[in-house]
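> Starting off with a structure, shown below.
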Amino acid sequence: MEIENPFVPLTYDKLFKSLWLIGSKETRNYFNRLISNIVNFDISNFILIPNELPIKRKDSKGNIVDILLESPDKKIKINIELNPKYNKGLSNRNESYLYKIAGEYYAKDNKTSYIDKIKVIQVNLNNFYSKDRKEIGTSIYTLKDKDNNLDLNSIKIINIYIPILSNLCYNQDMEKQLDYVMFDATSFKEMAIYAKGNKERESVMKDIEKIVNQYKAMQREYEEEKYLKDVLEADLKEAKEDGIKEGIITGRQAGIKEGRQEERANLLKLINSGMSNEELSKRLSMPIL
């Protein structure tokens, strides 16, 4: 029986960021096409910029956004957030990122910065259905004067609901649909079907295989996080009080952390015990060079 390589989906946050940072030119072209179709203008000449946002509170370490792009003239920024699952604080968090990015345009001492017309766009790639209307594929928010039907257009939030846009019944453009369906794949075999015939999508699949095989820890971390989330969701359904919920979350996270620390400590003890490489190899069930 053929055993498939370890798989991590495109919806996994760390993999998504890695593909932007170290993916091939064709993979970047895939993302450029995807986002250009969303914002309705070409972003192929935009560059990645540092994604840590400054904040005012001294006790905070800052906010890390997923992907932050900037136009060559520095007048347009696009923040791309991948949201695998819905949670109640998601909308507020994403909006706070948008306001911080917009505020940075005017944070300089240079008074002329107020003269330039700026634009900040937040693209939320949501791998879930809209909580307001499940049939919505895209929702766009801007600052608007309802009485006079005027848009400010300096800041904009674009919500993309992948489960809808990957549905052929909704989206008659097969190529656009297949770009979104890549996020739905649960195996390389399935992804290969969606990627076939398109060099950019094929490049995404190859880069995922390369990254997952090169960074074995990513697949393990994904499985651990998935297991933890699945268990927590099952437990939280039965929890009726906030105190119970908090206890479950804190306890499980602490248990995993403690287990990892204990495992590392035991490994160091063995290595420093003076055992021969042959004895260590037997105890650890792995080759020791």
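> Going by average Cβ density within 10 Å per residue, which order do the peptides 71-77, 24-30 take, highest to lowest?
Ranking, from highest mean packing down: 24-30, 71-77.
> With each pseudo-label sitting 7 Å past Cα toward Cβ, what's the K206-I136 distance in nm, one decimal?
3.9
> Which ordering of L152, L48 is given by a fewest-first count of other beta-carbon atoms within 10 Å?
Final ranking by Cβ density, sparse to dense: L152, L48.
Values in this text are rule-based calculations from the coordinates and carry no lab data. As the structure is a prediction and not an experimental result, all values here were calculated from the model. All Cβ positions, even for glycine, are placed from backbone atoms using ideal geometry, and neighbour counts span all protein chains on display.
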